[in-house]
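Working notes for the structure below.
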Amino acid sequence: MASRNGKTFHLFNCDNLCNLSEVKSLLRAVEKKVAFNISKIVEHPFRGGQIADVVEKTIPSLRDLDYAVFVAHASECCLAFNEDSCYGKLYEALKRQAGLGKS
C-alpha cells in the first residue's frame with residue numbers, strides 16, 4: 001500500500017505521442033492546491049502492440065498505485081473506454097488494480 005502522505009502517479013503513454021514533461025508540470029502545479037504530496041511519478045511508455053502486456057503484466061505488478069494517468073492523443077477519432085477495445089482493457093485493468101473494478 002502506498003503512503004498516505006506521498007502519492008504515486010503512474011503515467012501511461014502509448015506510442016510516446018505526448019510529452020510527459022507537460023503532464024508532470026501540470027501535476028506539480030496541482031500538487032500545490034491539494035491535501036497531499038506527490039512522492040513519485042512513474043512513466044510507462046509502451047507501443048500500441050504492447051497493450052496486452054501492459055494489461056496482463058505491468059498493471060497487475062504495481063504495488064503503489066494511488067493515481068494513474070493514461071495520456072491519449074487528442075486526434076484519435078474515438079476513445080472507447082467502455083468497450084472491449086484495447087483502451088477499454090487498459091482502463092479496466094487500472095480500475096481493477098486500484099480496487100475499483102471487477103476482479
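The values are calculated or read from the model by the stated rules, or taken from the named source; none is laboratory data. Note that the structure is predicted; figures quoted are calculated from it, not measured. Every residue, glycine as well, gets a Cβ built from its backbone with ideal geometry; the counts of neighbours run over all protein chains shown. Areas reflect the complete protein model, heavy atoms only, side chains present, ligands, DNA and RNA absent. Shrake-Rupley method; radii C 1.70, N 1.55, O 1.52, S 1.80 Å.
Computed values, structure above
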read-out: Top-ranked residue of the range 1-47 - restricted to ones that are hydroxyl-bearing (S, T, Y) and closer than 27 Å to C86 by Cα, ranked as most open to solvent (accessible area, probe 1.4 Å); value: S21
read-out: Among residues of the range 2-51, those that are among the hydrophobic types (A, V, I, L, M, F, W, C), without any contact (Cβ under 8 Å) to a residue 24 or more places away in the chain and part of a loop (DSSP other than H, G, I, E, B), counted; value: 2
read-out: C78, sole failed condition from (1) at negative phi; (2) of a type outside the set (G, A, S); (3) modelled with pLDDT of 80 or more; (4) surrounded by fewer than 16 Cβ atoms within 10 Å (Cβ to Cβ); value: (3)
read-out: Inter-residue pairs, beta-carbon under 7 Å, first of a type in the set (K, R) and in the range 80-103, second open to solvent by 90 Å² or more (accessible area, probe 1.4 Å) and at pLDDT 70 or above, 6+ apart; value: K102/R96
